[in-house]
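Right, one structure below, let's go through it.
The values are calculated or read from the model by the stated rules, or taken from the named source; none is laboratory data. Note that the structure is predicted; figures quoted are calculated from it, not measured. A quick note on method: Cβ atoms are made from the backbone with ideal geometry, for glycine too, and the neighbour counts reach across all protein chains shown. For accessibility, only protein heavy atoms count, side chains too; no ligands or nucleic acids. Shrake-Rupley method; radii C 1.70, N 1.55, O 1.52, S 1.80 Å.
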Amino acid sequence: MTAGDYSTTTQQSTAGPTAPLMPPTVPTSMPPVMQPTPGMQTTNQHTAIESSAFGPATYVGGAPLPREASKSPTPDRIHRETIEFKVAQKKEKRAEAERKREEHKVEGGCLGGIKDAVTVCSAKTSASMAERSSKSDAKTMRRDEEHNQHRFLVLFPSDRDYVRAAYKCKYTNGQSDTIDGIVFLSNSHIRFAGNEDGTREMAAWKNVVSLEGIGKPPRINVYTADKHVLQFAMFEAMDHALEDGPTHLCAMNWMDHLWRETASVPHSAAVYFSS
């Protein structure tokens, strides 16, 4: 498994020995940078971000090579699988407690039977609580999706695109000013709305040529075919968003999935930097 991968094995095998339950693995780093491929347009001119009097910053030189495609599911799916694992784990413990109680019934013994009954009761309670928690989390996820969509339509009233995720963040514009706001990740675009100054920026995923995750604190730069670059940092989850793992990695994961669902990678119109 490479860095950034998730394991999604939460089911038990129906053939042969029972496979152990495995929780999803949350990534701790981004996937590695892609190596140049045949047919990719490259240059040895380094990527250099420049200020711009209007709109987003621009860049000269080749765009950074994209990272390899994420092998992980989207953050919403990984959270659902984490909850499913917890519920399955509780049910497994309940089944084991019931099995032991049945064995002790055959063997006899009053004290052992009482202890087993208490264990089974505790396991059932724990499993029921896990199932209720799963349902509660599902409601929270639906509520957050509705809130994000409502915010999006208020800020971008003429757009009817569907928002998949949203994050509080800091955006650096073409004048190198840092602006607090919200980045919305929809099916076809990435959009930013400033909290106070009315800043609005947008890029269509089909025009994105590279996503770059760099620095401490982590930053994500979105490079486009028309030589613009959208710069984001200091990602924070919205409201009570349910995600597993560092927020900037969740944001990058969403961006990577939405980008590759729409665009060809590497982009045919892009020139990439390669030393």
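Put a dot 7 Å past the Cα of residue 178, heading toward its Cβ, do the same for residue 275, and the two dots end up 2.8 nm apart. For segment 189-239, the average shadow cast by the Cα convex hull is 4.3 nm², which is a quarter of the hull's surface.
Length gained on full extension, residue 147 to residue 268: 39.9 nm, using 0.36 nm per residue less the C-alpha separation. Each residue of segment 259-275 was assigned a 3J(HN,Hα) from its phi angle through the Karplus expression (A = 6.51, B = -1.76, C = 1.60, θ = phi - 60°), giving 4, 6, 6, 10, 10, 8, 10, x, 6, 5, 8, 9, 10, 9, 7, 8, 6 Hz with x at Gly and Pro. Each principal axis of segment 132-212 carries a Cα extent, and these read 49, 29, 28 Å when sorted largest first. The H on the amide N of residue 33, modeled in the peptide plane, is under 5 Å from the matching H of 68, each at least 5 residues off or on a different chain. If a spin label sat at a point 7 angstrom from the Cα of residue 261 along the line to its beta carbon, the backbone N atoms of segment 158-184 nearer than 13 Å would be those of 161-166. For segment 196-269, carbon and sulfur atoms together expose 50% of the accessible surface, with a 1.4 angstrom probe and every protein chain in place.
Computed from phi, the 3J(HN,Hα) profile of segment 74-87 under the Karplus parametrisation 6.51, -1.76, 1.60 (θ = phi - 60°) reads 5, x, 5, 5, 5, 5, 4, 5, 5, 5, 4, 4, 4, 5 Hz, with x in place of Gly and Pro.
You can think of it this way: the chain between residue 139 and residue 197 has 17.5 nm of extra reach, that is 0.36 nm per residue less the Cα-Cα gap.
Distance check, please: which entries in 139/168; 71/168; 168/227; 170/227; 139/206; 90/216 exceed 28 angstrom between their Cα atoms? Present the calculation step by step, with values, prior to reporting the outcome.
Details: 139/168 22 Å; 71/168 25 Å; 168/227 25 Å; 170/227 21 Å; 139/206 32 Å; 90/216 39 Å.
Beyond 28 Å between Cα atoms: 139/206; 90/216.
Using the alpha-carbon positions of segment 174-275, Rg (one decimal) and Dmax (whole number) come out as 13.7, 43 Å.
Modelled spin labels at residue 160 and residue 96, positioned 7 Å past Cα toward Cβ, are 5.3 nm from each other.
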